[in-house]
Amino acid sequence: QVQLVESGGGLVQTGGSLRLACAASGRTGSNYAMAWFRQAPGKEREFVAGIDWNGSITPYTDSVKGRFTISRDNAKNTVYLQMNRLKPEDTAVYYCAVRRGSGVTIGLYTYEYWGQGTQVTVSS
């Protein structure tokens, strides 16, 4: 089993910044991809950003390119999502996910383990 704990969500004004963190523990193995998804009220959960084990492959959804940056610290088993120039449409619950033993993907159902989520609210 793998446990994921997200932190860093909150309320911010349009144009502001937040940094999310997700710490993994348990049987992660030595090679796993991590990703951030989000789910707004009444909408499906969507991919935001992902990162492979080495940090060399980092896909983003188009709406956050140039504003969000995903990174990871393997020594701490932690992935980060730096979110700049936030917009009201970024308001959602943000979830961290892990995919063991494989490369990063954007597919929701390719990730095995999920965190509880952290709320991000951007006021206009």
Being assigned to a strand (DSSP E or B) and of a type in the set (Ser, Thr, Tyr) is the filter here; which residues of region 38-64 pass it?
Tyr60
List pairs: first in region 104-120 and within 22 Å of Glu89 (Cβ to Cβ), second in a loop (DSSP other than H, G, I, E, B) and not polar (S, T, N, Q), Cβ under 7 Å, 6+ apart or cross-chain?
Ile106/Pro59; Leu108/Arg45; Thr118/Gly8; Thr118/Gly9; Gln119/Gly9; Val120/Gly9
Quick one: what pairs do we get from region 13-28, first residue under 17 Å from Asp52 (Cα atoms), second surrounded by 12 or more Cβ atoms within 10 Å (Cβ to Cβ) and acidic (Asp, Glu), C-beta under 9 Å, 6+ apart or different chains?
Ala21/Glu6; Cys22/Glu6; Ala23/Glu6
Among the residues of region 16-28, is any surrounded by 14 or more Cβ atoms within 10 Å (Cβ to Cβ), outside any strand (DSSP E or B) and among the basic types (Lys, Arg)?
no
If we ask which residues in region 29-52 are surrounded by 20 or more Cβ atoms within 10 Å (Cβ to Cβ) and in contact with a Lys or Arg (Cβ under 8 Å, 6 or more places away or on another chain), their number turns out to be 8
Out of everything in region 53-70 that is open to solvent by 40 Å² or more (accessible area, probe 1.4 Å) and of a type in the set (Val, Ile, Thr), what residue ends up being farthest from Thr28 (Cα to Cα)?
Thr69
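The values are calculated or read from the model by the stated rules, or taken from the named source; none is laboratory data. None of these values were measured; they are calculated from a predicted model. So basically every Cβ, Gly included, is an ideal-geometry build from the backbone, and we count neighbours across all protein chains shown. Ligands, DNA and RNA are stripped out before the accessible areas are found, and what is left, the full protein with its side chains, is counted by its heavy atoms. Shrake-Rupley method; radii C 1.70, N 1.55, O 1.52, S 1.80 Å.
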